[in-house]
Amino acid sequence: MDEPTLVRRLTTIISIDVVGFSTMSARDEEHALELLRARMATAEAMIKHHRGRVFKFTGDGALAEFASPVEAVRAAVEVQEAMRSANATAGPDDQLQLRIGINLGDVVESGEDLMGDAVNVAVRLESIAPVGGVCVSAAIYEQIVGKLTLGAEDMGEQHVKNIPRPIHAYRLTPQAAVVAAPPPAATAAKKRAPALGVVIGLAVALAVFVAGGAWWLEQQSSRAPAQEAQTPAAPTRAAEPPKAAEAQPPAPPPAQPPSQPERQGAPATEPAEANANAASVEHMALPAAPAPPPPPPDAAPTPRPYSPGGVPFVPEFRRRLLENYAEAEGAKSMAINARGIVAITTRRIDDALAQRIALEECNRVAQREIPSRRAYDNCMTYAVGNDVVWTYRMPPIPPAPYLPPKRPQPPITLDPATVPLIGDLARQNLAQRYMKAERPRALVLGRDHSDWVLFGQTSEDAVRRTLQLCGHVTGRVCAAYAVENQVVVRAPQRFRIMDVFIPSDVPNLDSAQRATIEKYLVADDWRAVAAGRNGRIGIVSGQASESAAADEAVRACTSAGGTDCTILAVGPFLVMK
């Protein structure tokens with residue numbers, strides 16, 4: 001009998017593994033398994049969104065395949081970002097972190113399973129990836145370079161378990177730059193001899209130059225007036241590069257990190273006299289221990305001029321305070337936090353003192369007003385003098401007016417039991433606190449099943465500030481679900497809701513498509529997005545029903561030349577059939 005022919009093919013393999021799951025299981029096995037199941041469902045949805053397939057679950061991990069290395073890397077990065085966002089709003093026992101390895105190579109099919117060296121290498125790359133990071137092989141790096149706005153740190157040749165040859169690995173980084181690995185010892189030894197000769201030659205030339213310079217300066221000093229006799233000292237010191245480099249003081253950073261206010265210096269000995277204002281705000285997501293900080297700030301941007309209208313998070317009734325800051329003279333500073341607390345100080349001795357006092361006062365008010373503080377509740381220096389030194393990106397939010405102009409008809413009363421994407425504890429908080437409140441308020445749903453609530457003086461103010469808070473912490477556009485006790489968007493019934501839809505869920509958008517997606521975020525009533533395998537999309541809004549929106553979106557995608565068009569989003573929700 002003839003042996004069955006092995007089916008081989010080239011594919012991209014992703015290996016995902018949970019860090020420290022055994023320890024988590026030892027504490028509470030049932031809770032750990034439930035958490036793992038929920039997080040892996042999120043990861044699987046993102047893998048499917050990028051046209052991947054999970055072919056094996058490995059206890060506390062998973063293996064998936066992709067036809068495209070670029071889509072595989074995109075999926076891996078989004079999975080890690082989803083885990084970080086979920087951890088930011090989770091309790092201390094719900095922190096789940098991943099390592100991910102990616103490799104491109106030849107595999108052997110075994111039914112639905114895949115085997116071979118390419119799979120083994122992906123697993124070993126995952127084992128050397130940093131916690132919360134992604135490690136890729138050189139074959140993957142060659143395919144993604146120039147196609148993604150990611151950087152890569154060259155880890156060099158890595159010797160890993162059960163792989164007989166070294167594997168050239170790269171660690172992905174957010175910055176679009178490649179950091180070369182240190183050269184091997186043998187290579188360094190070969191380069192040391194010629195390098196030493198160059199150094200000796202430079203040293204001799206430098207000594208001759210210094211001696212000649214000293215003789216010339218001596219001649220000049222004998223002719224110069226007495227008050228100019230000391231000026232040659234500066235050039236003489238400049239001729240000593242190592243000492244000059246050591247003496248150079250480090251440049252002060254443009255702004256202090258928000259999570260470490262103690263670096264601002266010791267408390268001022270004089271009375272603060274800072275104008276501090278605090279808004280009573282509440283966040284009704286699941287209770288959690290201090291969470292990781294929001295997305296990292298941009299690296300040292302050029303300060304921009306202060307404008308009262310550009311300050312995020314602050315309630316409208318405090319706009320006059322922001323205008324007063326713009327008009328104030330002398331050394332001054334402003335500090336803010338993501339819930340709308342703001343403190344300003346003016347007429348100080350210098351900017352450094354003003355910055356320290358404003359930051360201390362803002363954190364003092366935040367500690368008093370917010371019972372359970374998280375990392376993103378720490379205050380941040382927003383402005384020093386008339387320059388904005390706040391280094392975070394502006395929170396991503398939908399375009400104004402931030403939600404569809406028309407409400408669903410007939411009106412839909414908010415029912416905590418039917419709110420999508422939230423947990424049982426969040427439903428209890430909504431029933432006990434949100435539903436019974438009388439002040440203007442908004443319920444916003446964020447990426448990775450997070451929910452956010454802030455109160456305000458007006459409904460519009462509550463919506464804007466809650467969207468800004470959610471966008472700042474998650475780094476993604478969020479969706480307003482309810483204003484006061486009225487639902488403002490419809491939840492689909494024909495499709496399974498996976499998450500909140502964001503523009504980056506549609507890859508490779510051109511400027512016109514992105515503008516259309518931005519309008520879609522705040523379009524009226526039933527609306528849907530369909531995407532084809534070849535990247536073509538169809539977008540419709542203002543439809544009479546969910547079925548009509550889905551059918552029209554698929555037709556629009558097909559008319560645009562899309563192949564195998566499927567529904568990607570209905571309303572503000574990412575969905576699956």
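The values are calculated or read from the model by the stated rules, or taken from the named source; none is laboratory data. Everything numeric here is computed off the predicted structure, so don't read it as measured data. No Cβ is skipped: glycine too gets one built from the backbone with ideal geometry, and neighbour counts run over all protein chains shown.
Details
- Among the conditions (1) surrounded by 21 or more Cβ atoms within 10 Å (Cβ to Cβ); (2) without any contact (Cβ under 8 Å) to a residue 60 or more places away in the chain, the only one that Arg514 does not satisfy is (1).
- Residue in the range 307-327 that is surrounded by 21 or more Cβ atoms within 10 Å (Cβ to Cβ), in a helix (DSSP H, G or I) and in contact with a helix residue (DSSP H, G or I) (Cβ under 6 Å, 6 or more places away or on another chain) present: yes
- Selection count where residues are outside any strand (DSSP E or B) and small (Gly, Ala, Ser), scope the range 88-107: 3
- Residue satisfying condition, being under 30 Å from Leu425 (Cα atoms), among the basic types (Lys, Arg), outside any strand (DSSP E or B) and in the same structural domain as Asp17 (by TED's automatic domain parsing), within set Arg84, Arg74: Arg84
- Applying the condition of being of a type outside the set (Phe, Trp, Tyr) and crowded, with 16+ Cβ neighbours inside 10 Å to the range 517-526 and asking which residue is farthest from the chain's Cα centre (by Cα) yields Asp525.
- Every residue from the range 84-119 that is free of Cβ contacts under 8 Å to residues at least 60 places away in the same chain and buried (at least 19 other Cβ atoms within 10 Å of the Cβ): Gln95
- Residues of the range 530-577 that are small (Gly, Ala, Ser), in contact with a strand residue (DSSP E or B) (Cβ under 6 Å, 6 or more places away or on another chain) and part of a helix (DSSP H, G or I): Ala549, Ala550, Ala553, Ala556.
- Looking only at residues in the range 467-511 that are part of a helix (DSSP H, G or I) and in contact with a Cys (Cβ under 8 Å, 6 or more places away or on another chain), the one that is farthest from Glu78 (Cα to Cα) is Leu467.
- So Val506, is it closer than 26 Å to Ala41 by Cα and surrounded by 14 or more Cβ atoms within 10 Å (Cβ to Cβ): yes
- Number of positions in the range 68-91 that are more than 11 Å from the chain's Cα centre (by Cα) and of a type in the set (S, T, N, Q): 3
- Hits in the range 343-367 (condition: within 19 Å of Gly330 (Cα to Cα) and aliphatic (A, V, I, L, M)): Ala343, Ile344, Ile349, Ala352, Leu353, Ala354, Ile357, Ala358, Leu359
- Subset of the range 536-558 [more than 27 Å from Val487 (Cβ to Cβ) and surrounded by fewer than 16 Cβ atoms within 10 Å (Cβ to Cβ)]: Arg555
- For Val500, the conditions (1) at positive phi; (2) crowded, with 20+ Cβ neighbours inside 10 Å are fulfilled apart from (1).
- Criterion violated by Ile140 - all others in (1) surrounded by 15 or more Cβ atoms within 10 Å (Cβ to Cβ); (2) touching a strand residue (DSSP E or B) at 6+ places or on another chain (Cβ under 7 Å); (3) within 23 Å of Asp60 (Cβ to Cβ) satisfied: (3)
- Test for Ala354: is it hydrophobic (A, V, I, L, M, F, W, C), more than 30 Å from Ala480 (Cα to Cα), touching a strand residue (DSSP E or B) at 6+ places or on another chain (Cβ under 6 Å) and at pLDDT 85 or above: yes
- Residue within the range 113-120 that is at pLDDT below 90, within 16 Å of Arg53 (Cα to Cα) and not assigned by TED's automatic domain parsing to the domain that holds Ser450 present: yes
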